[in-house]
Amino acid sequence: MKSLLLVLCVALASHARAQAPIVIKFSHVVAPDTPKGQAAERFKLLAEKASGGRIKVELFPNSQLYQDKDELEALQLGAVQMLAPSLAKFGPLGVKEFEAFDLPYIFPTKTALYNVTEGEIGKALLKKLEPKGITGLAYWDNGFKMMSANRPLRTPADFKGLKMRIQSSRVLDAQMRTLGAQPQVLAFADVYQALKTGVVDGTENPPSNMYTQKMHEVQKYLTVSNHGYLGYAVIVNKKFWDGLPADLRRVLEQAMREATTFEKAIAQRDNDAALEAIRRSGKTRIYTLSVKEQADWRRALAPVQKDMEEGIGKELIGAINREGAR
């Protein structure tokens with residue numbers, strides 16, 4: 001009798017283990033109410049529902065687990081399974097081609113951008129992550145960046161001497177130096193305090209990031225420059241992904257497609273709403289560049305593309321520019 005009970009207990013324990021859901025820890029560094037944060041939540045709901053409970057997605061926003069500099073290593077080690085880092089993170093990882101996304105004014109329109117991310121160029125770039133133990137699933141959008149500081153930024157000369165926060169990126173470093181500013185690399189989670197205390201004078205961000213992190217409360221001026229792009233790649237640990245049952249990979253791919261469509265739909269809406277909220281707050285004065293002023297910015301920043309050709313690849317930069325001209 002005892003042996004029968006033991007067999008039953010072992011069988012029940014084995015069944016319970018077999019039924020335990022596969023956990024995906026999805027870590028990111030921004031607030032839950034940003035486009036990225038909302039899309040991560042949508043992905044979680046879709047994946048869990050479509051898998052019938054076989055998948056559980058645990059979300060960790062606002063750098064709860066890892067800051068910018070640590071999250072990619074955590075993914076590669078398998079401490080988390082999914083991230084959505086900004087595209088600027090892959091240059092320091094050794095995939096220099098991704099630095100093309102940081103080039104100032106390389107995407108004249110959203111159409112030009114999507115021609116790249118949804119076309120063969122975008123797919124080929126994601127493939128380059130695989131030797132790093134990373135599988136790329138999708139590109140998410142956070143729109144075009146704007147410059148902020150505690151003095152007006154209307155001309156390139158206005159940047160001279162300013163300490164400007166950037167992500168770790170050779171291109172963004174060159175961009176700020178070309179404008180006469182001093183680039184300062186800081187983790188996203190540290191930017192508000194650095195702006196508040198004067199460790200840095202300004203930064204660049206889409207309005208949704210600026211507003212949700214309350215940066216507008218410690219920045220007097222915001223320039224609608226649309227000079228650069230901030231996007232993300234949703235990535236997973238390759239070993240984890242390859243080890244999933246094929247039917248669950250298909251479930252996750254479909255959930256990601258739907259979450260990506262949702263994310264792109266809300267990104268511009270949320271940025272427009274955030275810019276209006278910043279305006280209404282009265283704490284930051286907003287200035288929109290005229291056509292002539294934007295042309296001056298483009299001319300001032302044009303050398304950055306040329307300077308980065310050797311590292312990124314002249315052919316790739318040319319291909320992206322051709323997509324923008326279509």
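The values are calculated or read from the model by the stated rules, or taken from the named source; none is laboratory data. All values reported here derive from a predicted model rather than from experimental measurement. Cβ atoms come from the backbone with ideal geometry, glycine included; neighbour counts cover every protein chain shown. Only protein heavy atoms, including side chains, enter the accessible area calculation; ligands, DNA and RNA are left aside. Shrake-Rupley method; radii C 1.70, N 1.55, O 1.52, S 1.80 Å.
Against the longest alpha carbon principal axis of the chain, how many degrees, from 0 to 90 and to the nearest 10, is the axis of helix 2-19 turned?
Relative to the chain, helix 2-19 is tipped by roughly 20 degrees.
Considering Cα pairs under 8 angstrom that are at least six residues apart, work out the relative contact order of segment 166-261 and quote it in whole percent. Intermediate values should be presented prior to the final figure.
Working: 37 pairs, mean separation 17.2, N = 96.
Normalised by residue count, the contact order of segment 166-261 is 18 percent.
Across segment 12-119, how many lysine pairs, 8 or more positions apart or on different chains, have C-alpha atoms separated by under 23 Å? Please give the number.
17
Which whole-number percent is the relative contact order of the chain (Cα, under 8 Å, 6+ apart)?
Values: 564 pairs, mean separation 82.1, N = 326.
Relative CO of the chain lands at 25 percent.
In the chain, what percentage of the DSSP-assigned beta bridges are antiparallel, given to the nearest 5? Could you put the intermediate results ahead of the total?
Values: 18 of 35 bridges.
If I count the DSSP bridges inside the chain, around 50 percent turn out antiparallel.
Probe radius 1.4 Å, ligands and nucleic acids ignored: give me the carbon and sulfur share of the accessible area of segment 262-317 as a rounded percent. Kindly include the intermediate steps, with their values, before the conclusion.
Working: 1710 of 3360 Å².
Here carbon and sulfur together make up 51 percent of the probe-accessible area.
Mind ordering 54-67, 30-43 by average Cβ neighbours within 10 Å, highest first?
Numbers: 54-67: 17.1, 30-43: 22.1.
Sorting 54-67, 30-43 by mean packing, highest first, produces 30-43, 54-67.
Roughly speaking, to the nearest percent, how much of segment 104-227's 1.4 Å accessible area is carbon and sulfur? Working shown, then result.
Numbers: 2310 of 4640 Å².
The C+S portion of the solvent-accessible surface of segment 104-227 is 50 percent.
Per residue, how much accessible surface does the chain expose to a 1.4 Å probe? Answer in Å², no decimals.
In whole numbers, the chain has 46 Å² accessible per residue.
So, in Å, what gap is there between the alpha-carbon centers of segment 197-217 and segment 143-188?
12
To the nearest 10 degrees, how steep is helix 68-77 against the longest Cα principal axis of the chain, on a 0 to 90 scale?
30
Using R₀ = 30 Å, calculate the FRET efficiency as 1/(1 + (r/R₀)^6) where r is the Cβ-Cβ separation of residue 77 and residue 189; round to 0.05.
Working: r = 21 Å, r/R0 = 0.68.
Computed FRET efficiency for residue 77 and residue 189: 0.90.
Per residue of the chain, what 222 nm ellipticity follows from adding -39500 (n - 2.57) for every DSSP H run with n ≥ 4, rounded to the nearest 500? Each step should come with its number before you reach the end.
Details: 13 runs with 156 residues, N = 326.
Rounded to the nearest 500, the figure is -15000 deg cm²/dmol.
Mind checking the angle between helix 314-325 and the chain's longest principal axis? C-alpha axes, 0 to 90 degrees, to the nearest 10.
80
Note down the net charge around residue 285, summing +1 for each Lys or Arg and -1 for each Asp or Glu among other residues with Cβ under 11 Å from its Cβ. It would help to have the intermediate numbers written out before the result.
Details: positive: 151, 220, 279, 283; negative: none.
Overall, the nearby charge balance is +4.
Which residues does the label zone of residue 50 cover in segment 258-291, counting backbone N under 14 Å from a point 7 Å along Cα→Cβ?
Only 258-263 pass the distance filter.
Take the alpha carbon atoms of segment 254-312, find their center, do the same for segment 18-77, and report the distance between the two centers in whole angstrom.
First find each Cα centre; the distance between them is then 25 Å.
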